[in-house]
1. Only one of these is modelled with pLDDT of 95 or more, of a type in the set (A, V, I, L, M, F, W, C) and touching a Leu at 6+ places or on another chain (Cβ under 9 Å): L183, L243. Name it.
2. Here's a check for you: in region 64-81, which residue that is within 19 Å of D122 (Cα to Cα) and either modelled with pLDDT under 95 or surrounded by 22 or more Cβ atoms within 10 Å (Cβ to Cβ) (or both) is nearest to the ligand (Cβ to nearest atom)?
3. Filter region 87-145 for residues that are more than 16 Å from the ligand (Cβ to nearest atom) and in contact with a Ser or Thr (Cβ under 6 Å, 6 or more places away or on another chain) and give the result.
4. Go through (1) touching a Ser or Thr at 6+ places or on another chain (Cβ under 9 Å); (2) under 18 Å from E264 (Cα atoms); (3) surrounded by fewer than 24 Cβ atoms within 10 Å (Cβ to Cβ) and name the single condition Q181 misses.
5. Scan region 27-60 for residues that are within 15 Å of the ligand (Cβ to nearest atom) and hydrophobic (A, V, I, L, M, F, W, C) and jot them down.
6. Any idea how many residues of region 75-111 are touching a strand residue (DSSP E or B) at 6+ places or on another chain (Cβ under 7 Å) and on the phi > 0 side of the Ramachandran plot?
7. For region 201-231, which residues satisfy the criterion of being near the ligand (Cβ under 10 Å from one of its atoms) and outside any helix (DSSP H, G or I)?
8. When you scan region 197-222, how many residues do you find that are under 19 Å from N105 (Cβ atoms) and acidic (D, E)?
Amino acid sequence: MPDPLLGTDLLVTDLLVTELRELARQVAVEATELATRLRADGLDIDRKSTLTDLVTNADRACEELILGRLAVARPDDATLGEEGGATEGSSGVRWVIDPIDGTTNFVYDHPGWACSVAAEVDGVPIAGAVVVPTLGAVFTAGAGQGATLGTRTLRIAEPPRLAEALVATGFGYEARRRRQQGLILARVLPRIRDIRRTGAAAVDLCSVAAGRVDAYYETGLGPWDLAAGALIATEAGARVGALDGGPAVAGDLVISAHPDLFGELCELLRDAGA
Ligand code: LIP
(Lines give C-alpha, C1' and ligand atoms only; values in the text may rest on other atoms or scores of the structure.)
Protein backbone atom coordinates (compact mmCIF):
# COMPACT_ATOMS: atom_id res chain seq x y z
CA MET A 1 0.00 0.00 0.00
CA PRO A 2 1.54 3.39 -0.94
CA ASP A 3 2.57 5.47 2.01
CA PRO A 4 0.94 8.94 1.86
CA LEU A 5 3.93 10.49 3.62
CA LEU A 6 6.66 9.21 1.33
CA GLY A 7 4.68 7.96 -1.66
CA THR A 8 6.38 4.59 -1.46
CA ASP A 9 4.97 1.08 -1.46
CA LEU A 10 6.45 0.71 2.02
CA LEU A 11 4.10 1.79 4.80
CA VAL A 12 6.32 3.85 7.10
CA THR A 13 4.72 3.34 10.49
CA ASP A 14 5.88 4.64 13.82
CA LEU A 15 6.55 1.01 14.77
CA LEU A 16 8.90 0.61 11.80
CA VAL A 17 10.67 3.89 12.60
CA THR A 18 11.15 2.77 16.20
CA GLU A 19 12.58 -0.60 15.06
CA LEU A 20 15.00 1.01 12.62
CA ARG A 21 16.06 3.70 15.11
CA GLU A 22 16.94 1.12 17.78
CA LEU A 23 18.77 -1.08 15.26
CA ALA A 24 20.77 1.94 14.05
CA ARG A 25 21.71 2.76 17.64
CA GLN A 26 22.73 -0.81 18.46
CA VAL A 27 24.97 -1.36 15.44
CA ALA A 28 26.56 2.10 15.76
CA VAL A 29 27.43 1.48 19.41
CA GLU A 30 28.90 -1.93 18.55
CA ALA A 31 30.95 -0.43 15.72
CA THR A 32 32.46 2.29 17.92
CA GLU A 33 33.40 -0.33 20.51
CA LEU A 34 35.15 -2.35 17.78
CA ALA A 35 36.89 0.77 16.43
CA THR A 36 38.20 1.63 19.88
CA ARG A 37 39.56 -1.91 20.35
CA LEU A 38 41.22 -1.94 16.93
CA ARG A 39 42.83 1.43 17.54
CA ALA A 40 44.37 0.09 20.74
CA ASP A 41 45.87 -2.81 18.72
CA GLY A 42 47.50 -0.44 16.21
CA LEU A 43 45.96 0.69 12.90
CA ASP A 44 46.77 -0.10 9.28
CA ILE A 45 46.37 3.25 7.52
CA ASP A 46 45.78 3.78 3.79
CA ARG A 47 44.89 6.81 1.67
CA LYS A 48 41.89 7.26 -0.62
CA SER A 49 41.24 10.31 -2.83
CA THR A 50 44.29 12.35 -1.74
CA LEU A 51 47.36 12.13 0.50
CA THR A 52 45.29 13.37 3.45
CA ASP A 53 42.08 11.36 2.85
CA LEU A 54 42.70 8.48 5.27
CA VAL A 55 41.04 5.10 5.71
CA THR A 56 42.02 2.43 8.22
CA ASN A 57 41.43 -1.25 8.84
CA ALA A 58 39.02 -0.11 11.56
CA ASP A 59 36.85 1.81 9.04
CA ARG A 60 36.58 -1.33 6.93
CA ALA A 61 36.06 -3.71 9.88
CA CYS A 62 33.35 -1.52 11.39
CA GLU A 63 31.49 -1.26 8.10
CA GLU A 64 31.73 -5.05 7.74
CA LEU A 65 30.37 -5.52 11.27
CA ILE A 66 27.45 -3.16 10.63
CA LEU A 67 26.59 -4.75 7.27
CA GLY A 68 26.73 -8.20 8.86
CA ARG A 69 24.40 -7.23 11.70
CA LEU A 70 21.95 -5.58 9.30
CA ALA A 71 21.99 -8.59 6.97
CA VAL A 72 20.85 -10.79 9.85
CA ALA A 73 18.32 -8.36 11.28
CA ARG A 74 16.87 -7.09 8.00
CA PRO A 75 18.08 -9.24 5.08
CA ASP A 76 15.85 -7.54 2.47
CA ASP A 77 17.18 -4.02 3.05
CA ALA A 78 19.61 -2.25 0.72
CA THR A 79 22.85 -0.76 2.02
CA LEU A 80 25.33 1.98 1.07
CA GLY A 81 28.55 2.29 3.05
CA GLU A 82 31.37 4.82 2.71
CA GLU A 83 34.00 2.10 2.43
CA GLY A 84 32.35 0.44 -0.53
CA GLY A 85 29.60 -1.71 0.96
CA ALA A 86 26.62 -1.41 -1.38
CA THR A 87 23.89 -4.00 -1.76
CA GLU A 88 20.49 -3.98 -3.44
CA GLY A 89 17.34 -4.67 -1.44
CA SER A 90 13.64 -5.34 -1.90
CA SER A 91 12.16 -3.92 1.31
CA GLY A 92 12.21 -0.24 0.35
CA VAL A 93 14.63 0.55 3.19
CA ARG A 94 18.27 1.50 2.48
CA TRP A 95 20.90 1.81 5.19
CA VAL A 96 23.46 4.62 4.74
CA ILE A 97 26.59 4.02 6.79
CA ASP A 98 29.70 5.98 7.73
CA PRO A 99 31.51 3.50 9.97
CA ILE A 100 33.97 6.13 11.17
CA ASP A 101 33.12 9.75 10.36
CA GLY A 102 36.14 11.86 11.24
CA THR A 103 38.75 9.27 10.34
CA THR A 104 41.56 11.82 10.69
CA ASN A 105 40.42 12.50 14.27
CA PHE A 106 40.29 8.74 14.87
CA VAL A 107 43.84 8.19 13.57
CA TYR A 108 45.20 11.07 15.69
CA ASP A 109 43.20 9.97 18.75
CA HIS A 110 41.60 13.42 18.60
CA PRO A 111 38.04 13.68 20.03
CA GLY A 112 35.07 13.99 17.68
CA TRP A 113 34.97 10.90 15.53
CA ALA A 114 31.68 9.03 15.23
CA CYS A 115 29.82 6.12 13.71
CA SER A 116 26.83 7.31 11.68
CA VAL A 117 24.05 4.92 10.65
CA ALA A 118 20.79 5.97 8.97
CA ALA A 119 17.85 4.11 7.46
CA GLU A 120 16.17 5.86 4.54
CA VAL A 121 13.17 5.26 2.31
CA ASP A 122 13.23 6.79 -1.17
CA GLY A 123 16.32 8.80 -0.20
CA VAL A 124 14.64 10.28 2.89
CA PRO A 125 16.22 9.36 6.26
CA ILE A 126 13.52 8.06 8.63
CA ALA A 127 15.74 6.76 11.45
CA GLY A 128 19.32 7.34 12.45
CA ALA A 129 22.02 7.19 15.09
CA VAL A 130 25.32 9.00 15.55
CA VAL A 131 27.56 7.61 18.30
CA VAL A 132 30.50 9.75 19.46
CA PRO A 133 32.43 7.57 21.93
CA THR A 134 35.03 10.18 22.89
CA LEU A 135 32.16 12.41 24.07
CA GLY A 136 30.10 9.54 25.51
CA ALA A 137 27.31 10.73 23.22
CA VAL A 138 24.60 8.63 21.57
CA PHE A 139 22.39 10.73 19.30
CA THR A 140 19.31 9.13 17.71
CA ALA A 141 16.23 10.34 15.86
CA GLY A 142 13.17 8.94 14.11
CA ALA A 143 10.90 10.63 11.59
CA GLY A 144 8.16 12.33 13.59
CA GLN A 145 9.64 11.05 16.85
CA GLY A 146 12.05 13.85 17.66
CA ALA A 147 15.74 13.54 18.47
CA THR A 148 17.56 12.53 21.63
CA LEU A 149 21.02 12.69 23.15
CA GLY A 150 20.98 9.75 25.52
CA THR A 151 17.70 10.19 27.39
CA ARG A 152 17.57 13.96 26.76
CA THR A 153 15.12 15.21 24.15
CA LEU A 154 16.81 17.73 21.86
CA ARG A 155 15.08 20.97 20.85
CA ILE A 156 17.09 23.85 19.43
CA ALA A 157 16.81 27.22 21.17
CA GLU A 158 15.97 30.59 19.66
CA PRO A 159 19.01 31.65 17.61
CA PRO A 160 21.36 34.56 18.30
CA ARG A 161 21.94 37.32 15.76
CA LEU A 162 24.22 36.09 12.99
CA ALA A 163 27.04 38.28 14.31
CA GLU A 164 26.89 36.28 17.56
CA ALA A 165 26.47 32.85 15.97
CA LEU A 166 28.96 30.04 16.60
CA VAL A 167 29.24 28.24 13.26
CA ALA A 168 30.76 24.83 12.49
CA THR A 169 32.27 24.07 9.14
CA GLY A 170 34.69 21.69 7.47
CA PHE A 171 36.96 21.30 4.52
CA GLY A 172 37.47 18.78 1.77
CA TYR A 173 40.60 16.82 0.96
CA GLU A 174 41.36 18.27 -2.46
CA ALA A 175 43.71 21.28 -2.45
CA ARG A 176 41.77 23.51 -4.87
CA ARG A 177 38.52 22.93 -2.94
CA ARG A 178 40.29 23.67 0.35
CA ARG A 179 41.61 26.94 -1.07
CA GLN A 180 38.11 27.97 -2.15
CA GLN A 181 36.69 26.95 1.23
CA GLY A 182 39.39 28.99 2.96
CA LEU A 183 38.58 32.06 0.88
CA ILE A 184 34.89 31.76 1.78
CA LEU A 185 35.77 31.28 5.44
CA ALA A 186 37.91 34.43 5.41
CA ARG A 187 34.82 36.43 4.37
CA VAL A 188 32.45 34.64 6.78
CA LEU A 189 34.62 34.73 9.92
CA PRO A 190 34.50 38.52 10.57
CA ARG A 191 30.69 38.46 10.44
CA ILE A 192 29.98 35.69 13.00
CA ARG A 193 31.03 34.96 16.59
CA ASP A 194 33.52 32.23 15.67
CA ILE A 195 33.86 28.88 13.91
CA ARG A 196 34.38 25.38 15.16
CA ARG A 197 36.04 22.80 12.93
CA THR A 198 35.25 19.40 14.51
CA GLY A 199 36.32 17.21 11.59
CA ALA A 200 33.17 15.09 11.34
CA ALA A 201 30.01 16.29 9.62
CA ALA A 202 27.77 13.91 11.56
CA VAL A 203 29.08 15.37 14.82
CA ASP A 204 28.65 18.93 13.52
CA LEU A 205 25.01 18.28 12.59
CA CYS A 206 24.38 16.71 16.01
CA SER A 207 26.05 19.76 17.59
CA VAL A 208 23.45 21.95 15.87
CA ALA A 209 20.73 19.68 17.27
CA ALA A 210 22.25 19.88 20.77
CA GLY A 211 22.84 23.65 20.69
CA ARG A 212 26.61 23.21 20.86
CA VAL A 213 26.87 25.37 17.74
CA ASP A 214 24.27 27.68 16.23
CA ALA A 215 24.81 26.60 12.62
CA TYR A 216 26.87 24.46 10.28
CA TYR A 217 27.79 24.60 6.60
CA GLU A 218 30.04 22.47 4.41
CA THR A 219 30.45 21.49 0.77
CA GLY A 220 31.41 18.06 -0.52
CA LEU A 221 29.85 15.73 2.02
CA GLY A 222 29.13 12.11 1.15
CA PRO A 223 25.58 10.79 1.68
CA TRP A 224 26.97 8.79 4.63
CA ASP A 225 28.32 11.96 6.32
CA LEU A 226 24.91 13.58 6.03
CA ALA A 227 22.06 11.10 6.41
CA ALA A 228 21.78 10.43 10.16
CA GLY A 229 23.02 13.84 11.35
CA ALA A 230 20.61 15.68 9.07
CA LEU A 231 17.66 13.73 10.48
CA ILE A 232 18.81 14.35 14.07
CA ALA A 233 19.17 18.09 13.42
CA THR A 234 15.80 18.27 11.63
CA GLU A 235 13.98 16.34 14.33
CA ALA A 236 15.51 18.72 16.91
CA GLY A 237 13.89 21.65 15.08
CA ALA A 238 16.78 22.81 12.91
CA ARG A 239 16.53 23.37 9.19
CA VAL A 240 18.89 21.39 6.96
CA GLY A 241 19.04 22.40 3.32
CA ALA A 242 20.84 23.75 0.30
CA LEU A 243 21.91 27.30 -0.46
CA ASP A 244 18.81 27.81 -2.64
CA GLY A 245 16.59 26.71 0.24
CA GLY A 246 15.85 23.33 -1.31
CA PRO A 247 16.63 19.97 0.28
CA ALA A 248 20.23 19.20 1.25
CA VAL A 249 22.14 17.36 -1.49
CA ALA A 250 25.30 15.39 -0.72
CA GLY A 251 28.24 16.93 -2.56
CA ASP A 252 26.71 20.42 -2.68
CA LEU A 253 26.78 23.10 0.00
CA VAL A 254 24.79 21.85 3.00
CA ILE A 255 23.59 24.34 5.61
CA SER A 256 21.94 23.69 8.98
CA ALA A 257 20.62 26.28 11.43
CA HIS A 258 17.52 27.38 13.31
CA PRO A 259 14.83 28.27 10.71
CA ASP A 260 15.06 31.93 11.77
CA LEU A 261 18.83 32.02 11.15
CA PHE A 262 19.00 29.82 8.04
CA GLY A 263 18.15 32.48 5.44
CA GLU A 264 20.55 35.04 6.91
CA LEU A 265 23.39 32.51 6.90
CA CYS A 266 22.62 31.59 3.27
CA GLU A 267 22.82 35.28 2.34
CA LEU A 268 26.18 35.62 4.12
CA LEU A 269 27.50 32.52 2.33
CA ARG A 270 26.34 33.88 -1.05
CA ASP A 271 28.04 37.21 -0.28
CA ALA A 272 31.17 35.26 0.63
CA GLY A 273 31.18 33.54 -2.75
CA ALA A 274 29.82 30.11 -1.78
C1 LIP B 1 34.92 14.01 7.18
C2 LIP B 1 33.67 14.86 7.18
C3 LIP B 1 33.97 16.27 7.65
C4 LIP B 1 34.98 16.90 6.72
C5 LIP B 1 36.25 16.08 6.80
C6 LIP B 1 36.01 14.63 6.37
P7 LIP B 1 35.54 11.45 6.82
O8 LIP B 1 34.57 12.75 6.70
O9 LIP B 1 32.72 14.28 8.02
O10 LIP B 1 32.82 17.07 7.70
O11 LIP B 1 35.20 18.23 7.07
O12 LIP B 1 37.23 16.68 6.00
O13 LIP B 1 35.63 14.62 5.02
O14 LIP B 1 36.40 11.53 5.58
O15 LIP B 1 36.34 11.58 8.05
O16 LIP B 1 34.62 10.27 6.82
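The values are calculated or read from the model by the stated rules, or taken from the named source; none is laboratory data. Quantities reported herein were computed from a predicted structural model and do not represent experimental measurements. Methodologically, a virtual Cβ is constructed for each residue, glycine included, from the backbone with ideal geometry; neighbour enumeration extends over all protein chains shown.
1. On inspection, the qualifying residue turns out to be L243.
2. Selected residue: G81.
3. Once the filter is applied, which keeps residues that are more than 16 Å from the ligand (Cβ to nearest atom) and in contact with a Ser or Thr (Cβ under 6 Å, 6 or more places away or on another chain), region 87-145 yields T87, G92, W95, V121, D122, T140.
4. Failed condition: (2).
5. Answer for region 27-60, where residues must be within 15 Å of the ligand (Cβ to nearest atom) and hydrophobic (A, V, I, L, M, F, W, C): A28, A31, A35, L43, I45, L51, L54, V55, A58.
6. Looking only at that region, the number is 2.
7. Once the filter is applied, which keeps residues that are near the ligand (Cβ under 10 Å from one of its atoms) and outside any helix (DSSP H, G or I), region 201-231 yields Y216, E218, T219, G220, L221, G222.
8. Here the count works out to 2.
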